[in-house]
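J.: First the structure, which I've put down as structure tokens, then a few questions once you've had a look.
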Amino acid sequence: MFAMLIIGFIVLVTLVLNVRVVSQTDAVVIERLGSYLTIWQRGLNFKIPIIDRAVKTVSLKEQVANFEPQPVITKDNITIQIDTVVYFQVTDPKMYCYGVANPMSAIENLTATSLRNIIGKLELDGVLTSRDTVNSEMRLALDDATEPWGVKVTRVELKSVVPPEDIKQAMEKQMKAERERRSAILEAEGKKQAAILTAEGEKSARILNAEAQKQEQILAAEASKESQIRRAEGEASAIEQVATAQANAYKLLNDAAPNDQIIKIKGMEALVQASQGSANKIIIPTDVTGVIGSLTTLMSTNK
């Protein structure tokens, strides 16, 4: 009875050790008598004791390999330290197990050699400004080289690029000089723009002032013209009134039928008015004596 219990216990332990549940993210490489047999996928799997053996469990998830910084010489003979990060995924567990002895070490060495080949074609400025190009070339190179190993390189990133200390100081000085140059350019552009705006403002002010003066002159000329027109109209009206008065006086005299004596008196009055000017010459008619006599007689009669 005791032997049966021992046998049953051994069988149970054997079953437990040879039955395995594989998760969805893993794959297990199985060998039979030292030769590749199959790959266990997700779910419940069973192997024959002693004959079958689980060689390696491979993760199918995307993995990240962060390698140590590598010294690399650029095209302009500057040694820089570059830290790289490689993202990869196992696509063929069989080739990953049998294609290379140490896959991670192989990927690391391959990354270092590919990095030296690519960086050696670029100068330092190109390395610092063309990281995307370097990343793409690195990914293509690693992906082609690792395909026989059942590995798919999905992404490569240059984590850091560290130049020598003296180069770093020179770059900092260069950047400082560049910032100062840009600051000076911006300041000069600002002063230039301010001067342009000031000049445009003064020009606009002068134009407005000239237009205002022109408008004032136009208004003054129109006012003077209006004043002259009104003065001329007044003088014409006065002349018209004087002429009308004289015409009325002549009409009244004509209607009164004056005698010769009154006509002679009016002639003397006109003669007196004409003699008031300093440059006038007096011409005395021959019958002036008769006119004076008539005037004396008329005056005596009025008395």
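J.: If I go through segment 110-130 residue by residue, how many of them are of a type in the set (Asp, Glu) and outside any helix (DSSP H, G or I)?
T.: Of the residues in that region, 1 qualify.
J.: Among Ala141, Ala145, which is the only one that is small (Gly, Ala, Ser), touching a Leu at 6+ places or on another chain (Cβ under 6 Å) and under 30 Å from Val64 (Cβ atoms)?
T.: When all the criteria are applied, what remains is Ala145.
J.: Give me the strands (runs of 3 or more DSSP E) completely within segment 1-89, filtered to those with at least 1 residues that are exposed (fewer than 12 other Cβ atoms within 10 Å of the Cβ), ordered by residue number.
T.: Where strands (runs of 3 or more DSSP E) fall fully within segment 1-89 and carry at least 1 residues being exposed (fewer than 12 other Cβ atoms within 10 Å of the Cβ), they are 19-22, 35-40, 43-46, 63-66, 70-73.
J.: Pull up segment 104-122, narrow it to residues that are among the aliphatic types (A, V, I, L, M) and without any contact (Cβ under 8 Å) to a residue 40 or more places away in the chain, then point me to the one that is most open to solvent (accessible area, probe 1.4 Å). It would help to see each step written out before you state the result.
T.: From segment 104-122, those among the aliphatic types (A, V, I, L, M) are 104, 106-107, 110, 112, 115, 118-119, 122; that's our starting set.
With without any contact (Cβ under 8 Å) to a residue 40 or more places away in the chain added as a condition, the list becomes 104, 110, 118.
Numbers: Met104: 67, Leu110: 38, Ile118: 18 Å².
Filtering segment 104-122 for residues that are among the aliphatic types (A, V, I, L, M) and without any contact (Cβ under 8 Å) to a residue 40 or more places away in the chain, the one most open to solvent (accessible area, probe 1.4 Å) comes out as Met104.
J.: Any idea which residue in segment 131-169 is nearest to Val100 (Cα to Cα), counting only those that are acidic (Asp, Glu) and in a helix (DSSP H, G or I)?
T.: This residue is Glu147.
J.: Is it true that Ile185 is within 38 Å of the chain's Cα centre (by Cα), of a type outside the set (D, E, K, R) and either outside any helix (DSSP H, G or I) or surrounded by 14 or more Cβ atoms within 10 Å (Cβ to Cβ) (or both)?
T.: No; evaluated as a whole, the condition is false for this residue.
J.: Additional query: All but one of (1) surrounded by 11 or more Cβ atoms within 10 Å (Cβ to Cβ); (2) farther than 19 Å from Pro71 by Cα hold for Gln174; state the number of the condition that does not hold.
T.: Result: Gln174 passes all but (1).
The values are calculated or read from the model by the stated rules, or taken from the named source; none is laboratory data. Model, not experiment: these values are computed from the prediction. In this analysis, Cβ positions are derived from the backbone assuming ideal geometry, glycine residues included, and neighbour counts consider all displayed protein chains. These area figures cover heavy atoms from the full protein model, side chains too; ligands, DNA and RNA do not enter into them. Shrake-Rupley method; radii C 1.70, N 1.55, O 1.52, S 1.80 Å.
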